[in-house]
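To keep things clear, I will list the structure first and then write my remarks on it.
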Amino acid sequence: MAILVSGGAGYIGSHTVWELCEAGRDVVVADNLQTGFRASVHPKARFYRLDIRDRGALDVLFQAERIDGVIHFAASSQVGESMSDPLKYYDNNLHGTMVLLQAMVGHGVDKIVFSSTAATYGEPERVPILETDRTQPTNTYGETKLAMEHMMSWVSRAHGLRYVALRYFNACGAHPSGLIGEAHDPETHLIPIILQVPGGRREKLSLFGDDYPTPDGTCIRDYIHVSDLAQAHILALDYLMNGGENNVFNLGNGVGFSNKEVVEAARRVTGHLIPTVIAPRRAGDPARLVASSEKARSVLGWAPRYADLETIIATAWAWHKDHPNGYAK
Ligand code: UDP
C-alpha cells in the first residue's frame with residue numbers, strides 16, 4: 001500500500017516525501033509543478049504531474065496505485081497574494097481539496113493528514129496558542145485553510161473519513177543533507193530573505209515595523225524546522241492508521257523569536273553584517289504568534305529535533321549557499 005502526497009514537490013511536501021522514502025515507505029507524489037520542483041522529489045517516489053482539481057487525473061492515479069492514506073499539501077500559501085487574489089485561494093485550496101476528497105471517497109481512501117496553519121487563529125487571544133483557542137483568520141489564506149478543516153469534519157461525519165489537521169507556525173530550514181530546501185518565487189519569508197543578503201542577492205533587509213507591543217518592537221514568531229514538520233506528518237498518518245480519531249495539532253517549537261533576534265542569529269551563523277532598515281508594518285501581521293505544541297507531543301509523541309534557531313538557520317544557509325538559484329540549473 002502506498003501513501004499519496006499531494007503537493008509533494010513543494011517545500012514542506014518534498015521534505016516529507018524525503019523522510020517517508022528514507023523510512024522505506026512506498027510513496028506516490030501528485031503535483032502540478034506550478035510552484036513545486038520535480039528535482040525536489042525523492043527518486044524513490046512515483047511522480048504524477050497532475051492538478052488535484054482534475055478529477056479525471058486523480059481517478060487514473062487512484063486506479064493505478066493502491067493508496068492507503070493521503071498527506072495533502074497542494075495549496076496556495078502566500079498571505080499577501082491571498083488578499084489581492086482571494087478567488088485563487090478559494091479555487092486552489094478549497095475547490096482543490098473538495099475534488100481530492102470526492103476522489104478519496106469514490107475510491108474508498110479514508111485517511112488524510114493535511115497542512116493547516118497558524119493563520120487559522122488570526123490575532124491570538126493569548127500565547128502560547130492552544131488548539132482550542134479562537135479561530136478568526138485575518139486573511140484569505142487562513143480562512144481557506146480553516147474552511148478546509150471544516151470540510152474534512154463534515155465529510156468525516158457523512159463518509160467515515162478520518163483526518164488530522166496540522167497547524168504549522170513558521171516553517172524554515174532545509175534538509176540536513178543539503179539536497180533539498182526552500183525555493184519560492186517570489187520569496188516572502190523572513191529567513192530566506194535575510195539569507196539573500198549574505199548570499200549577495202539583496203543589499204539589506206527591510207524589517208516590517210518596529211513599533212509592535214513586543215520587547216524590541218518587532219514581531220515575534222515561532223520557527224519550526226521543516227524536517228520536524230515532515231516527521232509530524234508521518235506520526236499523524238501512523239496515528240490515523242492505528243485508529244486515531246479526527247484531530248488538530250499545532251506544530252511549533254513553543255519559543256518565540258523577534259524579527260531582530262532572527263537577524264542577530266543569522267549574523268552569527270553567516271558571519272555577515274546583514275544591514276537592516278525599518279520599513280512600514282506589513283498588513284495583517286499579528287504581533288506575536290507562539291504555539292503550544294503540547295498536544296502533538298503527548299498524543300503523537302512528536303518532539304522537534306531542531307529546537308535551536310541557529311542550527312535551523314545553519315541548515316537553511318547551507319542550502320542557499322549551494323543553490324543560490326534554488327532548483328534552477
Ligand atoms: N518580515 C520582515 N521583512 C521581510 C519579510 C518578513 O520584517 O522582508 C517579517 C514579517 O513582517 C513578520 C516576520 O518577518 O513579522 C515573519 O514573516 P514571514 O513572512 O516569514 O512569516 P509569517 O509569520 O508571515 O507566516
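The values are calculated or read from the model by the stated rules, or taken from the named source; none is laboratory data. Because the structure is a prediction, the values reported are computed rather than measured. A quick note on method: Cβ atoms are made from the backbone with ideal geometry, for glycine too, and the neighbour counts reach across all protein chains shown. Areas reflect the complete protein model, heavy atoms only, side chains present, ligands, DNA and RNA absent. Shrake-Rupley method; radii C 1.70, N 1.55, O 1.52, S 1.80 Å.
Figure legend. Inter-residue proximity from segment 148-174: first residues open to solvent by 20 Å² or more (accessible area, probe 1.4 Å) and part of a strand (DSSP E or B), second residues within 16 Å of the ligand (Cβ to nearest atom) and charged (D, E, K, R), beta-carbon distance below 8 Å, spacing 6+ or different chains. Indicated pairs: ASN170/ARG221; ASN170/ASP222. Return the pair list, or none, for Cβ contacts closer than 9 Å from residues in segment 232-261 that are on the phi > 0 side of the Ramachandran plot to residues that are in a loop (DSSP other than H, G, I, E, B) and modelled with pLDDT under 95, at least 6 apart or on different chains. Hits for this filter: GLY254/ALA307. The number of residues in segment 180-219 being within 13 Å of the ligand (Cβ to nearest atom), buried (at least 23 other Cβ atoms within 10 Å of the Cβ) and assigned to a loop (DSSP other than H, G, I, E, B) comes to 3. Just one of the listed residues (ALA165, ALA171) is more than 16 Å from the ligand (Cβ to nearest atom), among the aliphatic types (A, V, I, L, M) and in contact with a Phe, Trp or Tyr (Cβ under 9 Å, 6 or more places away or on another chain), namely ALA165. Residues in segment 220-261 that are part of a strand (DSSP E or B), farther than 16 Å from HIS189 by Cβ and out of contact with any Ser or Thr (no Cβ under 8 Å at 6 or more places or on another chain): ASN247 alone. Within segment 101-147, the set of residues being among the polar types (S, T, N, Q) and either touching a Ser or Thr at 6+ places or on another chain (Cβ under 8 Å) or outside any helix (DSSP H, G or I) (or both) comprises SER115, SER116, THR117, THR120, THR132, THR135, GLN136, THR138, ASN139, THR140, THR144.
Among the residues of segment 224-240, is any open to solvent by 60 Å² or more (accessible area, probe 1.4 Å) and either among the hydrophobic types (A, V, I, L, M, F, W, C) or at pLDDT 95 or above (or both)? Within segment 224-240 (the criterion being open to solvent by 60 Å² or more (accessible area, probe 1.4 Å) and either among the hydrophobic types (A, V, I, L, M, F, W, C) or at pLDDT 95 or above (or both)), the answer is no, since none of the residues qualifies. Just to check your reading of the model, which residue among ALA291, ALA265, ALA318 is open to solvent by 40 Å² or more (accessible area, probe 1.4 Å) and either at pLDDT 95 or above or farther than 24 Å from LEU146 by Cβ (or both)? Within the list ALA291, ALA265, ALA318, the selection yields ALA318.
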